[in-house]
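Only one structure is covered here, and it is reproduced in the block below.
A short reminder: the numbers here are calculations on the coordinates, not readings from a lab. A quick note: this is a predicted structure, and the numbers were derived from the prediction, not measured. Cβ atoms come from the backbone with ideal geometry, glycine included; neighbour counts cover every protein chain shown.
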Ligand SMILES: Nc1ncnc2c1ncn2[C@@H]1O[C@H](COP(=O)(O)OP(=O)(O)OP(=O)(O)O)[C@@H](O)[C@H]1O
């Protein structure tokens with residue numbers, strides 16, 4: 001909704017009128033209640049809406065244990081909830097940053113872990129217009145792109161929950177006015193005054209100066225966030241289409257990637273990492289890897305590690321693999337699995353497709369086993385027996401994956417297939433099934 005239109009009404013009427021369709025008819029909403037001004041306003045507003053909107057309201061307070069006043073905040077939240085008959089859960093979290101992590105980030109992660117445990121359909125947070133403008137500026141100062149400058153959306157998915165920020169259209173001053181009208185009380189987090197934090201520095205020293213020259217700067221930054229959100233959405237759509245066109249069996253084909261312009265290639269790689277839920281690679285690492293993909297000689301195997309995931313180039317393909325997971329089973333029985341279509345096994349995904357040179361179904365019904373390679377195995381083909389090692393090389397399987405590539409044995413001990421690569425001639429049938437195994 002256009003925020004300037006939203007603001008002409010008071011917060012309560014606006015909230016009631018513009019209730020998100022995704023939350024309409026939802027049975028329960030939980031408020032993230034810090035005890036500060038913003039979330040006290042949100043609690044009060046939602047409490048006033050609940051009759052007309054028919055939902056169950058509850059609150060959650062995360063006790064970080066960082067302030068000497070932390071217990072007083074809990075007490076304040078308890079009182080406010082008690083006065084309104086709103087159930088409150090208080091969750092203690094352990095906030096101890098490991099090397100290099102900021103206290104703020106660790107506390108935030110801990111809060112989100114608590115939010116994820118909510119049994120409500122929606123979790124409401126009290127970020128407002130000032131928070132949004134600060135976020136846009138901070139992202140700009142960090143060199144963020146469209147996704148970062150889109151800042152905080154009003155509504156987004158957090159696993160099975162809706163994360164909802166209903167107050168983004170109102171400034172802190174407007175929330176203060178609401179609190180005064182309704183005689184609300186709140187606690188003040190003393191760390192909000194500490195200008196060693198970049199956000200506080202911006203809030204206390206820099207933004208007042210900007211406001212003196214540009215009183216509407218908040219709305220302008222919010223508009224910027226809105227437009228960047230739309231731009232980011234378009235970029236994602238294009239990157240998804242490009243990815244679908246460049247991926248084959250989960251691998252990226254460089255010959256297809258090269259047909260795209262450089263920015264689209266970069267965008268595609270970032271989107272692929274996102275799809276794989278690999279985490280952020282960092283713009284420099286991604287740019288380096290992209291360069292190596294295109295220019296490194298055929299004898300080189302550029303690799304990008306992001307968390308547990310590795311993107312690795314071998315010949316004309318980029319593989320996404322999770323190397324160094326736990327030990328793989330030596331043997332795994334697969335009786336009846338090929339009827340099911342696909343199954344996770346041996347650290348990857350095994351799929352079965354009907355194929356004119358696939359394995360005869362009768363043979364599979366007697367039971368099959370996926371086994372770890374021991375070395376020296378050979379598969380029967382038209383030309384005689386061929387070493388599995390040679391088959392894997394010829395199929396373009398990267399050296400790092402060859403040793404752990406599973407082999408498929410029949411109940412009588414015959415090697416029936418190297419999944420995704422070849423099926424033994426003496427096991428084939430015209431309407432057989434071809435095993436495809438993709439590393440996770
Ligand atoms: N201790 C807490 N317990 C529960 N909810 C909290 C707590 N602290 C903050 N919140 C919720 O998060 C909102 C934003 O708080 P704050 O600005 O401190 O967090 P942030 O770190 O900027 O937010 P984000 O989670 O988007 O990074 C609050 O208005 C409130 O709804």
So for each of 356-365, 255-264 I average, over its residues, the number of other beta carbons within 10 Å; can you give me the resulting order with the highest mean first?
356-365, 255-264
Which of 224, 374 comes first, and how do the rest follow, when ranked by fewest Cβ neighbours within 10 Å?
374, 224
Less than 16 Å from a label point 7 Å out along the Cα-to-Cβ axis of residue 294: which backbone N atoms in the range 235-258 qualify, by residue?
253-258
Residues 56, 64, sorted so that the one with the fewest Cβ neighbours within 10 Å comes first:
56, 64
At 0.36 nm per residue, minus the direct Cα-Cα distance, what do residue 141 and residue 206 gain on full extension? Give it in nm, one decimal, please.
22.1 nm
Helix 262-275 versus the longest principal axis of the chain: what is the Cα-based angle in degrees, 0 to 90, to the nearest 10?
90 degrees
Quick one: grab the alpha carbon gyration tensor of the chain, order the square roots of its eigenvalues as a ≥ b ≥ c, and give me rounded if a/c is under 1.5, else prolate or oblate depending on whether a/b is larger than b/c.
prolate
Please determine, in degrees from 0 to 90 and to the nearest 10, the orientation of helix 129-141 with respect to the longest principal axis defined by the Cα atoms of the chain, where the helix direction is its Cα long axis.
50 degrees
Counting DSSP beta bridges in the range 20-209, what percent are antiparallel, to the nearest 5?
20 percent
Computed E for residue 194/residue 112 - FRET, C-beta separation, R0 22 angstrom, nearest 0.05:
0.45
Label the range 68-129 by shape, choosing from rounded, prolate and oblate, from the square roots a ≥ b ≥ c of the eigenvalues of the Cα gyration tensor; if a/c is under 1.5 it is rounded, and otherwise prolate applies when a/b is larger than b/c, oblate when it is not.
prolate
Relative exposure of 28, 58, judged by other C-beta atoms within 10 Å (fewest first)
28, 58
Counting each DSSP H run of 4 or more residues in the chain as -39500 (n - 2.57), what helix-only mean residue ellipticity at 222 nm follows after dividing by all residues, to the nearest 500 deg cm²/dmol?
-11500 deg cm²/dmol
Cα gyration tensor shape for the range 249-321, rounded if a/c is under 1.5, else prolate or oblate:
rounded
Calculate the length of the line joining the C-alpha centroid of the range 421-440 to that of the range 18-54, in whole Å.
56 Å
Gaussian network model of the chain, Cα springs within a sub-10 Å range: biggest mean-square fluctuation belongs to which of 221, 201, 125?
201
Across 332, 233, 139, the residue with the highest GNM fluctuation in the chain (Cα network, 10 Å cutoff) is 332
For the chain, give me the percentage of DSSP beta bridges that are antiparallel, rounded to the nearest 5 percent.
75 percent
Over the range 206-356, what is the relative contact order in whole percent, taking alpha-carbon pairs under 8 Å and six or more residues apart?
14 percent
Placing each pseudo-label 7 Å from Cα in the direction of the beta carbon, residue 13 and residue 248 end up separated by a distance in nanometres of 6.2 nm
What angle do you read, to the nearest 10 degrees and between 0 and 90, between the alpha-carbon axis of helix 103-116 and the longest principal axis of the chain?
80 degrees
